[in-house]
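Please read the structure below before turning to the comments.
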Amino acid sequence: MRPLDRDILQSRALIIDGNPTSRSILVAQLRELGVGEVTQVSRPQDARRHLESRPYDLVVCEYHFDRNSYSGRDLLDDLRRAQLLPYSTVFVMVTAEASYAMVAEAAEAALDSYLLKPYAASALEERLAQSRRRKKSLAVIFEAIEAGDFETAAAHCLARFEGRQEYWLYAARIGAELLLRLNRPAQAQELFAAVIEAKAAPWAKLGVARAQVDQGNLLPARRTLESLLVENPSYADAYDVMGRVQLEQGHFAEALETYRRASSITPGSIGRLQKQGLLAFYMGETEEAGKTLERATALGRQSKLFDYQTLVMLGVVRFDQRDGKGLQRCLDDLHKAHYRAGCSPRLMRFISVLDALRLALERQTGPAGQAAARLAAETLADDADLEAACNAVVLLSRLAEHGVAVDKAGDCVRALAFRFCVSKASTDMLARSAEHWPDHQALVHETHHAINRLAEQSMSLALAGRHAEAVRAFLHHGREHRNSRLIDMGALALQRYRAHIADAAELDEQVQALRRRFDARLARLPVEAGGLRPAGGLALRVQQANAEAQARAAATGATATVTANAGSTPAGPSAAAA
């Protein structure tokens, strides 16, 4: 058999198959096609570690693994989320006819291919040749993405789509993803809609929903998702986006059920297990939270896909169960992660939470209260995020329940509520964090009402024609309480009444300065903070941005966050707080 193409001799391939005979056959076939280096593993978990440590030009993966709930589809999904598959990598799924529908969906989502068993060597050669040709045809787009030039890459995609050039459908999807990251969701929605009209692809309909979410149109997004899930009830990415919509609407019980469904479809997905476990924790489903977080930890402890916030919540569950050994195991894992990371403020906060609970469990109430007071003071810093706030409130409320005195605990809870009660969802999350101590929970709700009164008072000034005073009032209260919602309301009032405000330019500068200081992304819900790829989206791997993400991951001991509407790969709330 002749070499597949002239570049194949310099390529590296990874074969993932639990059957040694199948692996041997694939190794022989790839070598006959001219692949220069072939590595083989029997488990997807081993493959994930290989792919985390080095890039491969070709990955051939079995869909089903005996005695292993982690499937090839789970692996592909996790790799895409963590940006471990550059566009130059060809990923081919191998499967039996029975799982064809699921594999076709997964392969389509990754823009690569799949093979149905039994297959001939010529079929493998044909699929690889087609996939590599597509990668080369779209190379100018991928090179622009690698260089971080999203504008140029998007322009190439739009030109190919509008001209219906070779692989225009693939280019359309990449272009739509780029437009979302360039904060142009309306244009991305138009492109996704055009793809739906040309070809009713599930990912395109999901793209429309994502664009609607990014524009703040949650109800239309929910209707789009409901329609999509009726047509494709096993589309796990659609459940991810639906869960995000339900969370932002404050419908936590519905979101938990949605995440359960997503986890049942992909039981080996670390990210989905973490989301289910974290939300189950906040919903008071302690038994479910413990089992799910334990499973996520067992699967992902050694993976870059693992977020160490999972260990914090699992440790709190063990505290509630009076399981000192289980709590200590979580602490030990966090200490090991912190040692590997070198210096991580975020991991140190995690350790402080569990260490205070350990001291309380050992009835060392004085040291426990002092440790909690130090952590609470750190959480009041400007760069702290909602995750840190919820962890602090969880700790303070449980210590209060156990009679551990913490200096100024109520003042801390009130200050955090003033800072992070920016939506129904964030308020509910803080309140749920305080459910073990009703006084703290009442403080959260009272503070939320106080914020609403401040907003009403400021707006009344505008309605009375005192437009500049209204904007200044919003900004004053926003600055005093570090509340991004009040700052945003001031910005909206300034935009609406600009013609009536003499010093509008000066106020605009104040708005921008406050937005930079109190970034609204810091109030992102902890359940949605993890994961590198937006649900349903493609991982747009950028060389420089990827290096920055790896540096952040090393510093935080957790995966960094890539937002769907960013220009490259900015840190999400967890990374920003670190």
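Residues that are assigned to a helix (DSSP H, G or I) and not charged (D, E, K, R) within the range 22-36 comprise Ser22, Ser24, Ile25, Leu26, Val27, Ala28, Gln29, Leu30, listed in sequence order. Of all residues in the range 41-85, those satisfying the criterion of being among the acidic types (Asp, Glu) and modelled with pLDDT of 80 or more are Asp46, Glu52, Asp57, Glu62. Within the range 229-252, being surrounded by fewer than 24 Cβ atoms within 10 Å (Cβ to Cβ), within 21 Å of Gln309 (Cα to Cα) and acidic (Asp, Glu) holds for one residue alone: Glu248. Scanning the range 4-21 finds no residues that are within 27 Å of Ser234 (Cα to Cα), of a type outside the set (A, V, I, L, M, F, W, C) and part of a strand (DSSP E or B). Give the range 37-56 a look and list any residue that's assigned to a helix (DSSP H, G or I), under 21 Å from Asp66 (Cα atoms) and either touching a Phe, Trp or Tyr at 6+ places or on another chain (Cβ under 7 Å) or open to solvent by 70 Å² or more (accessible area, probe 1.4 Å) (or both), or say none. Matches in the range 37-56: Pro44, Gln45, Arg49.
The condition of being out of contact with any Asp or Glu (no Cβ under 9 Å at 6 or more places or on another chain), within 24 Å of Ala381 (Cβ to Cβ) and among the basic types (Lys, Arg) holds for only one of Arg453, Arg472, Arg479, Arg496, that being Arg479. Against the numbered list (1) of a type outside the set (Lys, Arg); (2) touching a strand residue (DSSP E or B) at 6+ places or on another chain (Cβ under 8 Å); (3) at pLDDT below 80, Ser88 comes up short only at (2). May I ask you to verify whether Leu273 is surrounded by 24 or more Cβ atoms within 10 Å (Cβ to Cβ), in a helix (DSSP H, G or I) and without any contact (Cβ under 8 Å) to a residue 60 or more places away in the chain? Yes. Taken over the range 494-530, the criterion of being in a loop (DSSP other than H, G, I, E, B), over 27 Å from the mean Cα position of the chain (by Cα) and not hydrophobic (A, V, I, L, M, F, W, C) is satisfied by Asp503 alone. One residue alone among Ala337, Ala417 is in contact with a Leu (Cβ under 8 Å, 6 or more places away or on another chain), assigned to a helix (DSSP H, G or I) and under 22 Å from Arg485 (Cα atoms), and that residue is Ala417.
Are any of the residues in the range 253-268 closer than 17 Å to Gln309 by Cα, buried (at least 19 other Cβ atoms within 10 Å of the Cβ) and at pLDDT below 90? No, every residue in the range 253-268 fails to be closer than 17 Å to Gln309 by Cα, buried (at least 19 other Cβ atoms within 10 Å of the Cβ) and at pLDDT below 90.
As a summary of the residue check, Ile451 satisfies the conditions (1) open to solvent by 20 Å² or more (accessible area, probe 1.4 Å); (2) under 30 Å from His500 (Cβ atoms) except for the one numbered (1).
Could you say which residue among Ala425, Ala473, Ala431 is modelled with pLDDT under 95, assigned to a helix (DSSP H, G or I) and touching a helix residue (DSSP H, G or I) at 6+ places or on another chain (Cβ under 9 Å)? Step by step, each of Ala425, Ala473, Ala431 is checked, and only Ala425 is modelled with pLDDT under 95, assigned to a helix (DSSP H, G or I) and touching a helix residue (DSSP H, G or I) at 6+ places or on another chain (Cβ under 9 Å). Within the option set Ala520, Ala566, being modelled with pLDDT under 70, of a type outside the set (D, E, K, R) and either touching a helix residue (DSSP H, G or I) at 6+ places or on another chain (Cβ under 9 Å) or open to solvent by 20 Å² or more (accessible area, probe 1.4 Å) (or both) holds for one residue only, Ala566. Report whether or not Gly531 is modelled with pLDDT of 95 or more and not basic (Lys, Arg). For Gly531, the condition - modelled with pLDDT of 95 or more and not basic (Lys, Arg) - is not met. Applying the condition of being modelled with pLDDT under 90 and open to solvent by less than 70 Å² (accessible area, probe 1.4 Å) to the range 8-17 and asking which residue is farthest from the chain's Cα centre (by Cα) yields Ile8.
Among the residues making up the range 463-495, those that are open to solvent by 70 Å² or more (accessible area, probe 1.4 Å) and either touching a Ser or Thr at 6+ places or on another chain (Cβ under 6 Å) or in contact (Cβ under 8 Å) with a residue 12 or more places away in the chain (or both) are Arg472, Arg479. Look at (1) of a type outside the set (Val, Ile, Thr); (2) closer than 30 Å to Val393 by Cβ; (3) surrounded by fewer than 23 Cβ atoms within 10 Å (Cβ to Cβ) and you find that Asn217 fails only one, number (2). Listed by first and then second residue, the pairs linking a residue in the range 369-388 that is closer than 20 Å to Phe281 by Cβ and assigned to a helix (DSSP H, G or I) to a residue that is open to solvent by less than 50 Å² (accessible area, probe 1.4 Å) and aromatic (Phe, Trp, Tyr), with Cβ atoms under 9 Å apart and 6 or more places separating them unless they lie on different chains, are Leu386/Phe420. Can you find, within the range 190-214, the residue that is least open to solvent (accessible area, probe 1.4 Å) among those that are within 16 Å of Cys157 (Cα to Cα) and without any contact (Cβ under 8 Å) to a residue 24 or more places away in the chain? Filtering first and then ranking leaves Phe192. Of His445, His440, all but one fail to be within 30 Å of Phe252 (Cβ to Cβ), part of a helix (DSSP H, G or I) and open to solvent by less than 40 Å² (accessible area, probe 1.4 Å); the exception is His440.
The values are calculated or read from the model by the stated rules, or taken from the named source; none is laboratory data. These numbers come from a predicted model, not from an experiment. As a convention, Cβ positions derive from the backbone with ideal geometry for all residues, glycine included, and neighbour counts pool all protein chains shown. Protein only, heavy atoms only, side chains kept; ligands, DNA and RNA dropped before computing areas. Shrake-Rupley method; radii C 1.70, N 1.55, O 1.52, S 1.80 Å.
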